[in-house]
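Working notes for the structure below.
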Amino acid sequence: MQAAEPVAVPSPRAWLARLSLSRFRCYHQAEVVTDGRPVVLTGPNGAGKTNLLEAISFLSPGRGLRRARLSEVDRHDRGAAHAHDAIDGSAINGAQSSPWAVAGTVMTPEGARDVGTGRDAGVGGAGGTESEVSRERRVVKIDGAFARSQQMLGEVVSMTWLTPQMDGLFRDSAGGRRRFLDRLVYGFDSAHAGRVAAYEQSLRDRARLLKSGGADDGWLSALEDTMARHGVAIAAARRELVDRLARACAVRVGAFPVAGLALRGQVDEWLGDRPALRAEETLRAELAATRRRDAQAGGSAIGPHRSDLLVRHLDRDMAAADCSTGEQKALLISIVLAHARLIALHRGAAPLLLLDEVAAHLDELRREALYDEILALGAQAWLTGTDAGVFAGLGDAAQFLSVRDAAITQGAAPRPDRRSGVS
């Protein structure tokens, strides 16, 4: 039996001290200032709580917690005279489809870092043609300078999230589980996002060439070489994390179940019995040998895009997909908390946790276990809910904000709590 990963000590810390939004979904402009404690956002449905979490999620690589197109995030209103560009503070044209922007100050073990991102006003947009929309581009600034790529955001701060849409993760398609796993890998290796993007682009280009017929062998071989190099690197990173995460999950968190994790896929099997370079050679040869079949199928039958994350409820010796909805959610939280412990050990600070409507569906024992772990890790969790009373267990250890009609105001803890003074 593998030894469990040690539990992280929550010092030093990483947290979002300031968040600014401009023309982001329901927000024309907004700013939130925090003191490092967990943040509880309460208010009615549709008030804008999840939009705030989504804005924070764009301060990391990827498409955010809703996986939205960039232009879908733009606020669309009439008669707006101007909008404030949260990236560099300059005024921008307030046209109906002016691009959104998000900026923040992140406190890290190395000091304060300013980060910002938004849709490039000169590329794509909701009013463009289909091809123009497909070329949407995100601009990123870090400490006042434009970043080479959004992957550099992952070097500043790590974050992960849980949303109600993820409740069916264990029952839905393998694609959702791969995206979830890749998001966890980003916390350890920000370059993983670039490898995934490069692999998927080569996968699409190869499929398009095969479908067109008469493709140049040299061109196909170049694409397959890219797929083999990046594909094996992707699979190796996933495999390493799953191994570590499985050990970390063995450290039980309160009343949460212990999750068992494994990977299933051809490339994953190869990495279990041969060196990575040999696995690359095997994948490259398989891709070349299956061109005719892949041309008919319109894709590729082999590669890390076919892998799956398998999760079991070890206490019940049951596949996660066969568990009740409540147990599946508890397993998911257990995995995310284990990942946060690993990040705290690896980076010296726990990741930001964006937890949308998570606590309301937990019983009291599991709510308390969740809050205890957040505070023990020193993690800045951003939690949303309609009922502030659900978060009473956090007491003065959290900062409470009220959100109504896209307006954010200071709130108060439902009742005093002995656990306070999160530094």
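Read the figures in this text as sums done on the coordinates, not as results from a lab. This structure is a prediction, so every number in the text was calculated from the model and none was measured. Ideal geometry is used to build each Cβ from the backbone, glycine not excepted, and the neighbour counts take in all protein chains shown.
DSSP beta bridges fully contained in the chain are about 75 percent antiparallel. Distance distribution P(r), the stretch 164-251, all Cα-Cα pairs, bin width 5 angstrom from 0: 3, 12, 19, 18, 17, 13, 9, 5, 3, 1, 0, 0 percent. One chain, two ends: residue 293 and residue 255. Fully extended at 0.36 nm per residue, the span grows by 8.8 nm beyond their Cα-Cα distance. A simple charge model with +1 on the Cβ of Lys and Arg, -1 on the Cβ of Asp and Glu and nothing else charged puts the dipole of the chain at about 320 debye relative to its Cα centre. In the chain the Cα-Cα distances spread across 20 Å bins starting at 0 as 25, 55, 19, 0 percent of all pairs. Looking at the square roots a ≥ b ≥ c of the eigenvalues of the Cα gyration tensor of the stretch 152-199, which shape do they give, rounded for a/c under 1.5, prolate if a/b is larger than b/c, or oblate? Oblate shape, in that a/c is at least 1.5 and b/c is the bigger or equal ratio. Modelled spin-label separation between residue 212 and residue 325, with each label point placed 7 Å from Cα along the Cα-to-Cβ direction: 4.7 nm. Over the stretch 305-361, Cα pairs under 8 Å with separation of 6+ residues give a relative contact order of 17 percent. Here the contact order of the stretch 123-277, divided by its residue count and restricted to Cα pairs under 8 Å and six or more residues apart, works out to 14 percent. For the stretch 238-293, the share of alpha carbon pairs falling in successive 5 Å distance bins from zero is 4, 16, 18, 17, 13, 10, 8, 6, 4, 2, 1 percent. Helix-only arithmetic for the chain: the sum of -39500 (n - 2.57) across DSSP H runs with n ≥ 4, divided by the residue total, places the mean residue ellipticity at 222 nm at -11500 deg cm²/dmol. Each residue of the stretch 308-321 is assigned a 3J(HN,Hα), and the resulting list reads 9, 8, 9, 10, 10, 8, 5, 4, 9, 6, 9, 4, 4, 5 Hz, derived from the Karplus form 6.51 cos²θ - 1.76 cosθ + 1.60 (θ = phi - 60°), x at Gly and Pro.
Under a Cβ-only charge scheme (Lys and Arg +1, Asp and Glu -1), can you give me the dipole magnitude of the stretch 302-386 about the Cα centre, in debye to the nearest 20?
380
Fully extending the segment from residue 31 to residue 262, taken as 0.36 nm per residue of separation minus the present Cα-Cα distance, adds 79.0 nm. Where a ≥ b ≥ c are the square roots of the eigenvalues of the C-alpha gyration tensor, would you call the stretch 247-339 rounded, which needs a/c under 1.5, or, failing that, prolate if a/b is larger than b/c, or oblate? Prolate, because a/c is 1.5 or more and a/b exceeds b/c.
Cross-link partners for residue 49 among the lysines, with Cα-Cα distance under 27 Å and sequence neighbours closer than 8 places in the same chain left out: 141, 329. Between residue 240 and residue 276, the simple label model (points 7 Å from Cα in the Cβ direction) yields a spacing of 0.6 nm. Under 12 Å of direct C-alpha separation, and excluding same-chain neighbours fewer than eight residues apart, residue 211 reaches these aspartates and glutamates: 294. In this structure, residue 316 and residue 120 have a Cβ-Cβ separation that, at R0 = 41 Å, corresponds to a calculated FRET efficiency of about 0.25. With each label modelled as a point 7 angstrom along the Cα→C-beta vector, the residue 346-residue 171 pair spans 3.1 nm.
List the relative contact order of the stretch 15-410 as a percent without decimals, with contacts defined as Cα pairs under 8 Å and 6+ residues apart. Across the stretch 15-410, relative contact order equals 22 percent.
Within a 10 angstrom radius of the beta carbon, how do 371, 27 rank from fewest other beta carbons to most?
By the 10 Å Cβ count, ascending, the order reads 27, 371.
Taking amide H as placed 1.01 Å from N in the peptide plane, the amide H of residue 350 sits under 5 Å from that of 14, each at least 5 places away or on another chain.
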